[in-house]
Amino acid sequence: FFFFRGYNYNLFFWKTSFLGRKFYTFLNRKWFFDKVYNEVITQNLLDFGHHFTYKSIDRGLIESLGPFGLSNVLLDQVNKARLWHSGYLYHYLVILGWSNVLFGIYFVFSFQFSRILALLVFIVLWSIL
């Protein structure tokens, strides 16, 4: 009842008058504002969103860093590690020997030369790959 109490009767008379009826029919007709809005503005924004966010970011960046990128990196590392596994016993013994030597050097000099030794291990392992 609160809303009806403040109702303006002049609005009703304006709507039922000749000028009010013409104004109402002018605004009530289909002027294709929604069609222009949908085709010009909204469709362009949706196309931009599809091409930029979905194709570039979701399918491009995230998948290259995520599932497909991880599988490609693992496949590349497996192919590099396959070179180590030649099937010859002396290859395995050389790798085992170098591993023991590097572990011994690290164990003996770990407190003084840990950074230098880590760099040495990295250089040796990088040269093997």
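No lab work stands behind these numbers, since they all come straight from the coordinates. Not measured: the values here are computed from a predicted model. Here Cβ is always computed from backbone atoms with ideal geometry, including for glycine, and neighbour counts include all displayed protein chains.
For region 49-93, the set of chymotrypsin sites (Phe, Trp or Tyr not before Pro) satisfying both a DSSP loop assignment and a count of at most 13 other C-beta atoms within 10 Å is given as W84, Y88. Approximating the spin labels as points 7 Å out from Cα along Cα→Cβ, the H85-to-D47 distance works out to 5.2 nm. For V40, neighbours were defined as the other residues whose beta-carbon sits under 12 Å from its Cβ, and their charges (Lys and Arg +1, Asp and Glu -1) total -2.
Seen from K22, the other residues with C-beta closer than 12 Å to its C-beta sum to a net charge of +3, counting Lys and Arg as +1 and Asp and Glu as -1.
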